[in-house]
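Written below as C-alpha cells is the structure these notes are about.
The values are calculated or read from the model by the stated rules, or taken from the named source; none is laboratory data. Predicted model, so just to flag it, every value in this text is computed and none were measured. Cβ coordinates were reconstructed from backbone atoms using ideal geometry, including for glycine residues, and neighbour counts include every protein chain displayed.
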Amino acid sequence: MAKILIIDDEQSIRSTLREILEYEKYTIDEAKDGQEGLDKLITNKYDIALCDVKMPKMDGIELLERVQMAGIDTQFIMISAHGTIETAVDATKMGAFDFVPKPPDLNRLLLTVKNALDKSSLVTETKTLKKKLSKRYQMIGESESLSIVKEMMDKVGPTDARVLITGPNGSGKELVARGIHERSNRSSAPFIEVNCAAIPSELIESELFGHEKGAFTSAHKQRIGKFEQATEGTLFLDEIGDMSLSAQAKVLRALQEHKITRVGGDKDINVNVRVLAATNKDLKKEIAETNFREDLYHRLSVILVQVPALKERKDDIPLLVDKFLDDIANEYGTKKKEVTEDAFKALQAYDWSGNIRELRNVTERLVIMCGESINAEDVKRYLV
C-alpha cells in the first residue's frame, strides 16, 4: 500500500488528512514542520508528501528544493491557504506534482493523490527499466585495450561531439554507442538505432528522414523519420559504410545545417540530434573507391573509437563467459553452470572470428549441451 507523509504545522490539518487517507487504506506518517519532514524523507521511502507551503523552521518551497537536490523521488502535493495559492502554483513549476487548497475538498484531494501515485509508479518503473537496460548493455572486461575505450567513452560522453566507432562485427560497437549516450546530457532522451546495412537503399532515406503522404506508391500516410524521433537524444547509425551515396548527401546536410526534409516534402524541419556512427569497414578505403563521401567521413569522425576484436583481449574471456552464464541462467530459470579452469584456457586458445557475439552463442550452446560443469573436452566438442 502507498505510503504518504503529511507535513503541516497545524495539528488539525494533519488529523483531518490522516483520517481521510487512512480510510482509503493508505499508510500515513506525519511531520510538524519542514525540518522534521526533510529528516523523515531522507530516512524513509514515501510515495507522496502532502506539504504545507507556510511552516516554521523550513517552509514548503525550501523543503521541495532540498528534496530535489537530494535526488528523492517522492511526489510533492503542496497544501495552500488562499493567500499562498500563487506560491503553490509556482511550486508546481519547480517540480511539485500539484497543489490542494485549504480546507481540502475530499474528491479533489483523493483524485490528486491517485494521479500522483500513478506518476510515482511510472517513475519507479522507468528507473527499473533503465537499470535493466544499462545492465544489459554493460561492457565487461578489464583488459588494457578495453580500458582505453572506456576512458574515451567517459571523456566524450558528456560532450555533444560526433563519434565514429570502428571495429569488426560482433565486437561490441553498439555497446560503446549506448555507453556514450548514457554518459551524455541526452541520456533521458531517446536512443534511436538504424542498421544501415539491413535497410534497402531505396528505403533508407524514408527511414532516416520520414516521408509525406503520397511521396511514393506505398506512402499511404505521413511517416516520421529516425532523425525526428531522436530529437534531443542520440541517433546511432550502425554500419554506415553500407549507406547509399544519395542518403549520405542528405545526412551530411542534416549534420551541417541541423535540418532535414521528409521525402516528398519541401519544408525544412529543424533537428537537435547527436549522431554516433559505426562501421566494420575501412572508410578511407571506401572513400578511395568512391563508395563513401570524404566530407561526411570528416563530419562523423570528430572522435574515433576503435573497438578491439576479442582475440586482442582474451584475458576478458572468463569475465565475459561468467556474465553470459548469469544471463542464460536467468533467461532459462536454471542453476548457473560452472566452468573449469581448463575449459577457460580452451576458450582463450580459440581465434573468435565472430568476436563477443560468437562467444555468447558458444556459451549458450555449452550450457544446453553439457552437464552441471563445463570442461575442456566439452569446449572442444561443441566449439565448432
TODO: Please indicate, with yes or no, whether at least one residue in region 70-93 is within 24 Å of the chain's Cα centre (by Cα), assigned to a helix (DSSP H, G or I) and free of Cβ contacts under 8 Å to residues at least 60 places away in the same chain.
DONE: no
TODO: Go over the candidates Ile42, Ile6 one by one and state the one that is over 18 Å from Lys119 (Cβ atoms) and in contact with a strand residue (DSSP E or B) (Cβ under 9 Å, 6 or more places away or on another chain).
DONE: Ile6
Open item on the list: Checking the structure you have, find out if any residue of region 21-33 is in a helix (DSSP H, G or I) and farther than 21 Å from Lys114 by Cα.
Closed with: no
Task: Failed condition for Lys336, given (1) without any contact (Cβ under 8 Å) to a residue 40 or more places away in the chain; (2) touching a Leu at 6+ places or on another chain (Cβ under 7 Å); (3) not in a loop (DSSP other than H, G, I, E, B) - done: (3)
TODO: Could you please find all residues in region 323-346 being of a type in the set (A, V, I, L, M, F, W, C) and closer than 16 Å to Glu364 by Cβ?
DONE: Phe324, Leu325, Ile328, Ala329, Val339, Ala343
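Take Asp266 and decide whether it is within 30 Å of Asp351 (Cβ to Cβ) and among the charged types (D, E, K, R).
In short, no.
Yes/no per residue for (1) in the same structural domain as Val176 (by TED's automatic domain parsing); (2) buried (at least 19 other Cβ atoms within 10 Å of the Cβ); (3) more than 27 Å from the chain's Cα centre (by Cα); (4) touching a residue at least 60 places away in the same chain (Cβ under 8 Å):
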{"residue": "Ala230", "(1), (2), (3), (4)": "yes, yes, no, no"}
{"residue": "Asp238", "(1), (2), (3), (4)": "yes, yes, no, yes"}
{"residue": "Ala247", "(1), (2), (3), (4)": "yes, yes, yes, no"}
{"residue": "Thr261", "(1), (2), (3), (4)": "yes, no, yes, no"}
{"residue": "Lys267", "(1), (2), (3), (4)": "yes, no, yes, no"}
{"residue": "Ala277", "(1), (2), (3), (4)": "yes, yes, no, yes"}
{"residue": "Ala288", "(1), (2), (3), (4)": "yes, no, yes, no"}
{"residue": "Leu300", "(1), (2), (3), (4)": "yes, yes, no, yes"}
Task: region 151-178 - residue that is within 25 Å of Ile328 (Cβ to Cβ) and of a type in the set (D, E, K, R) and, of those, surrounded by the fewest Cβ atoms within 10 Å (Cβ to Cβ) - done: Glu174
Open item on the list: Go through (1) modelled with pLDDT of 90 or more; (2) part of a helix (DSSP H, G or I); (3) not acidic (Asp, Glu) for Cys51 and report which single condition fails.
Closed with: (2)
Open item on the list: I want to confirm something. Restricting to region 252-282 and keeping residues that are touching a Gly at 6+ places or on another chain (Cβ under 6 Å) and outside any strand (DSSP E or B), which single residue is modelled with the lowest pLDDT?
Closed with: Arg262
